[in-house]
Structure formats: C-alpha cells, structure tokens
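One structure is given below, encoded as structure tokens.
The values are calculated or read from the model by the stated rules, or taken from the named source; none is laboratory data. Here the structure is a predicted model, which means the values were calculated and not measured. Just so you know, the surface numbers come from the protein's heavy atoms only, side chains and all, with ligands and any DNA or RNA stripped out. Shrake-Rupley method; radii C 1.70, N 1.55, O 1.52, S 1.80 Å.
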Amino acid sequence: MSNKSNNLFMHIGLPKTGTTFLQQKVFTNTSENIIYNPIVFDELYKLFIKSETIDTFLLNKINECYKFLTENENKKVLISNEGWSHDEYSFKFERKISFLSKYFKHAHILLVFRNKEDWIISMYL
C-alpha cells in the first residue's frame with residue numbers, strides 16, 4: 001500500500017517559524033486548484049497520535065486519504081500541520097517522520113526554519 005500521487009504538499013512546520021502566519025494569510029488565500037487542509041487528513045493525524053500501532057482503523061484512514069488524493073489528482077492538496085514535526089515542545093518526531101516516509105513517500109514536504117538565535121528566544125518567551 002503506497003500513494004503514488006504527486007499532488008500532496010505537506011507543511012509540517014516547526015514551532016515558532018511562521019506557521020500561523022502561513023496558515024492564516026498565505027495558505028487560506030490559495031487558488032481553486034489547491035485544496036487546503038481537507039478533513040480526511042486532519043482525521044488521519046488525530047487517529048495517528050492516539051494510536052500506539054498501525055491498526056486497522058489507521059490503515060483504513062490512510063486508504064481514505066489515498067482515495068481523496070486520487071479523486072483530486074488534478075488539484076494540489078496542501079496540508080499544514082506542525083504537529084507532524086514535533087510533540088508539544090519536544091522534538092520526538094521519529095515515529096511521525098517514519099510514518100509519513102512509509103505511507104506518503106511521494107509527498108512534497110515543506111519544513112520552515114528560522115535564525116537559531118531568534119528561534120531560541122521565541123521558544124523561551
């Protein structure tokens with residue numbers, strides 16, 4: 001099972017790197033050829049973070065996402081969820097990145113960084 005669609009773009013962010021600005025000002029003002037944060041991918045994320053293993057429910061949701069991508073293959077699908085890059089304010093993301101690499105290996109990943117001094121101050125504040 002793998003998605004061969006090339007129309008998935010995932011902004012997985014990092015905290016304090018302009019994610020909210022991108023989500024509120026840039027991504028919401030996209031063209032009609034871009035589907036922004038479809039519900040099925042939000043459901044997938046919520047199910048994934050509650051799951052300890054890849055179970056039947058999670059596999060079914062992955063297949064729903066594949067179906068959505070196939071049905072919208074003439075459009076770009078843009079997901080913006082910084083939760084995929086970290087857990088709260090720790091950077092324990094190995095399980096998440098492994099999951100995305102396995103099930104959405106053809107996705108285009110957008111990861112935004114920030115000047116490290118400014119980022120550390122922002123995280124502290």
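Leaving ligands, DNA and RNA out of it, report the carbon-plus-sulfur percent of the accessible area of the chain at a 1.4 Å probe. Before the final figure, lay out each step's value.
Working: 4410 of 8070 Å².
For the chain, the apolar C and S fraction of the accessible surface comes to 55 percent.
Output the pairs from Lys75/Lys116; Lys61/Lys116; Lys67/Lys116; Lys46/Lys76 with a Cα-Cα distance over 30 Å in this structure; if there are none, say none.
In this structure, Lys75/Lys116; Lys61/Lys116; Lys67/Lys116 exceed 30 Å between Cα atoms.
If you count only protein heavy atoms and use a 1.4 Å probe, how large is the accessible surface of Leu22, to the nearest 10 Å²?
Probe radius 1.4 Å; accessible area of Leu22 about 40 Å².
Can you give the accessible area per residue of the chain, in Å², using a 1.4 Å probe?
Averaged over the residues of the chain, the accessible area is 65 Å².
Kindly provide the helix-only [θ] at 222 nm of the chain, computed as the sum of -39,500 (n - 2.57) over DSSP H runs of four or more divided by all residues, to the nearest 500 deg cm²/dmol?
Value at 222 nm, helices only: -11500 deg cm²/dmol.
Could you tell me, in Å, what Rg and Dmax come out for the Cα atoms of region 1-61?
Considering region 1-61 through its Cα atoms, Rg and Dmax are 14.1, 37 Å.
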